[in-house]
């Protein structure tokens, strides 16, 4: 699958529905968007990021005294609208702190962002925001679960590579910073020479020496030959700056060996300085970090730097930097506030994703002056504790369709214990609805520090004033007429109101994907055309609801369209007929009960090819006879009465069907696809049926295949007929 890039956008229009009230705000945002300097890299300027309409929040909620969570959209050139989450955490609140999280507490093992947040969240240590962290090595070995860069948690150096990487760091005072970070590791033996150690608790690469502690896991990696030098006497966790006099306890063969408490195991190939280390000798293992980061308590590195001193600065710049993907970034403002942003992607038309220049522009527009890009793609995840909730929950839509287990995460934690109820909220905080739209409201409570407090639904009293809709006793509101309502919830001695505006239903429904046309067993050909079943994902509609679907077909690939009659217009399914040889394309749209028609969703072009029983491309073995019969497809049919008679057809396509006759005297046939048994078909029926599709095989993609129909010589009804073979060949756009 080709990944779209900045210079070659996905050719589709965004169909993510925006309330009309928000559209005006989006266009206004263009006038006030923050200018972004041209991105620079080795060789010169690459131009401004391609955000054509800046971030406009659709919702904005305060989740702590100095923390806000906004959800909205940007528009990028050619790729349409993108879904963006932004969290801004103000500096100076002593009750809030950022916390690095190694997935399972050890390198070996990954966990989702949500699982990492839940593992440490408790009253007085409540996680209110969580995002994914660094890239990790891969999936082929547990050793590759280690973050690729540096991970420092509560002052402990847990994982490190010794190359310089851009990092998000927090010192003992809670001050956050973004910039380059480098770890230096050395081992000094009896010769007093400080030898380099290349990594800490990561996979060893060719020629390297890597140090492992119990933070890695119970055993050293299985990969790699060579030797291991076991050093004992480590007094506690590794600090960012330290010199640890240790004793050589053992020199052993490398690979899946125990790591004891208080041990540092140096793992490397033979022929290095490790060969000179002998049991009983002293070795000083030393750690150091870049100047200025000595007081760091939490540190997570990222993939690339994207902002430096307010300017777009993509370093390094691999090819993936110019591709459109889900992204996660973190940065700091000139005032020391922390900005977090995620962009969903790989889900056109909802959200395609952004390149790094666009991600830098998003961060700059939110005030960040220094920022890094963290892991992205299917790893992008953001959890937020919404007002009234006790725990943070996943807010974005990961491109895998579910959360991916990741190596590490960055958590924002509140240390304020839960107090008495202070505020009541009505959620969701929907301000604008459309006629016919239905919402189930909930009452949520928080204390003065925004800690969530459970409100039993049975204790909530609901009321409304205004007459634009109806409100059920359980808080379900149905918008019925243009106008305004005030929703009131009362519980636990508190009350909350929400103003609701009901607008006429002017929002068209959206079909959730493209239509797909398939050959279908137990359908019947006409004398000239082949039936295909067309299906598509059900449409969604915010207002009055989907009333029907309209389906059209083109027999020349899309130049002209004709309507397809539907037996059940309200169901996402239709039957179309293709004349063999024509280039067919099908499109569908939804219409709601207010008469709003959505955009057409268009399927791929394809050609249906019919091969008559007499085609020279069908290879017959055994005794087959030919007979003329006007009702059959093409007016002729071949048949066999002998067990073992076969008809074999080789083709290139994505679908194939066997067309035959059914009747009281028709028997069984075995179907083989690519020389493998695929099905047994019994063509017995109470009356004769001609031009019947008896078997269909759908393939993933287009390829070269072979289908064989083999007579099984059924006792008393041995006849098996070959009327035609139908093949579908996709043509694409």
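The values are calculated or read from the model by the stated rules, or taken from the named source; none is laboratory data. Small disclaimer: the values here were computed from a predicted structure and weren't measured. Note that we place each Cβ from the backbone using ideal geometry, even for glycine, and neighbour counts take in every protein chain shown.
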_Within the range 303-312, does at least one residue satisfy the condition of being part of a helix (DSSP H, G or I) and in contact with a helix residue (DSSP H, G or I) (Cβ under 8 Å, 6 or more places away or on another chain)?_
no
*In the range 328-356, which residue that is in a loop (DSSP other than H, G, I, E, B) and surrounded by 24 or more Cβ atoms within 10 Å (Cβ to Cβ) is farthest from the chain's Cα centre (by Cα)?*
355
*Please give the number of the condition residue 487 fails out of (1) more than 25 Å from residue 57 (Cβ to Cβ); (2) modelled with pLDDT of 95 or more; (3) outside the structural domain of residue 597 (by TED's automatic domain parsing).*
(1)
*Could you tell me which numbered condition residue 587 fails, if it satisfies all but one of (1) in contact (Cβ under 8 Å) with a residue 24 or more places away in the chain; (2) surrounded by fewer than 19 Cβ atoms within 10 Å (Cβ to Cβ)?*
(2)
_Being within 30 Å of residue 503 (Cβ to Cβ) and not in a loop (DSSP other than H, G, I, E, B) is the filter here; which residues of the range 553-602 pass it?_
587, 588, 589, 590, 591, 592, 597, 601, 602
*Please find, among 614, 590, the residue that is at pLDDT 95 or above, touching a strand residue (DSSP E or B) at 6+ places or on another chain (Cβ under 9 Å) and assigned by TED's automatic domain parsing to the domain that holds residue 636.*
614
*asked:* Kindly evaluate residue 268 against the criterion of being at pLDDT below 95 and closer than 20 Å to residue 221 by Cα.
replied: no
*Could you tell me whether residue 279 is more than 17 Å from residue 217 (Cβ to Cβ) and either part of a loop (DSSP other than H, G, I, E, B) or free of Cβ contacts under 8 Å to residues at least 24 places away in the same chain (or both)?*
yes
*Has the range 615-636 got at least one residue that is surrounded by 14 or more Cβ atoms within 10 Å (Cβ to Cβ), under 30 Å from residue 537 (Cα atoms) and under 50 Å from the mean Cα position of the chain (by Cα)?*
no
*Within the bounds of the range 698-708, is there any residue that is touching a strand residue (DSSP E or B) at 6+ places or on another chain (Cβ under 6 Å) and part of a loop (DSSP other than H, G, I, E, B)?*
no
_Among residues of the range 709-733, those that are touching a residue at least 60 places away in the same chain (Cβ under 8 Å), more than 21 Å from residue 630 (Cα to Cα) and in a loop (DSSP other than H, G, I, E, B), counted_ = 4
*asked:* Looking at residue 203 and the list (1) loosely packed, with under 15 Cβ neighbours inside 10 Å; (2) assigned by TED's automatic domain parsing to the domain that holds residue 280, which single condition is not satisfied?
replied: (1)
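Per-residue answers, yes or no, for (1) in contact with a strand residue (DSSP E or B) (Cβ under 8 Å, 6 or more places away or on another chain); (2) modelled with pLDDT under 95; (3) assigned by TED's automatic domain parsing to the domain that holds residue 485; (4) crowded, with 20+ Cβ neighbours inside 10 Å:
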| position | (1), (2), (3), (4) |
| --- | --- |
| 384 | yes, no, no, yes |
| 390 | yes, no, no, no |
| 393 | yes, no, no, no |
| 431 | yes, yes, yes, no |
| 441 | yes, no, yes, yes |
| 447 | yes, no, yes, no |
| 450 | yes, no, yes, yes |
*Take residue 119 and decide whether it is under 25 Å from the mean Cα position of the chain (by Cα), assigned by TED's automatic domain parsing to the domain that holds residue 337 and within 20 Å of residue 168 (Cβ to Cβ).*
no
*Does at least one position in the range 363-379 carry a residue that is assigned by TED's automatic domain parsing to the domain that holds residue 147 and out of contact with any strand residue (DSSP E or B) (no Cβ under 7 Å at 6 or more places or on another chain)?*
yes
*asked:* Just checking: which of the strands (runs of 3 or more DSSP E) contained wholly in the range 603-694 hold 2 or more residues that are more than 30 Å from residue 553 (Cβ to Cβ) and in contact (Cβ under 8 Å) with a residue 60 or more places away in the chain?
replied: 636-640, 646-662
_Take the conditions more than 31 Å from the chain's Cα centre (by Cα), surrounded by fewer than 20 Cβ atoms within 10 Å (Cβ to Cβ) and either farther than 14 Å from residue 532 by Cα or at pLDDT 95 or above (or both) and apply them to residue 548. Does it pass?_
no
*Please go through the range 478-495 and pick out each residue that is surrounded by fewer than 20 Cβ atoms within 10 Å (Cβ to Cβ) and touching a strand residue (DSSP E or B) at 6+ places or on another chain (Cβ under 7 Å).*
478, 480, 481, 482, 483, 484, 486, 488, 490, 492, 494, 495
_Checking the structure you have, find out if any residue of the range 468-477 is assigned to a loop (DSSP other than H, G, I, E, B), on the phi > 0 side of the Ramachandran plot and touching a helix residue (DSSP H, G or I) at 6+ places or on another chain (Cβ under 9 Å)._
yes
*With the range 153-193 as the region, which strands (runs of 3 or more DSSP E) entirely inside it contain at least 1 residues that are in contact with a helix residue (DSSP H, G or I) (Cβ under 9 Å, 6 or more places away or on another chain)?*
183-188
_Suppose we filter the range 316-327 for residues that are assigned to a loop (DSSP other than H, G, I, E, B) and either under 16 Å from the mean Cα position of the chain (by Cα) or at positive phi (or both); how many remain?_
2
*Does residue 275 meet the test of being outside the structural domain of residue 383 (by TED's automatic domain parsing), surrounded by fewer than 22 Cβ atoms within 10 Å (Cβ to Cβ) and over 22 Å from residue 102 (Cα atoms)?*
yes
*Restricting the search to the range 692-713, which residues are surrounded by 21 or more Cβ atoms within 10 Å (Cβ to Cβ) and closer than 22 Å to residue 577 by Cβ?*
692, 693, 694, 695
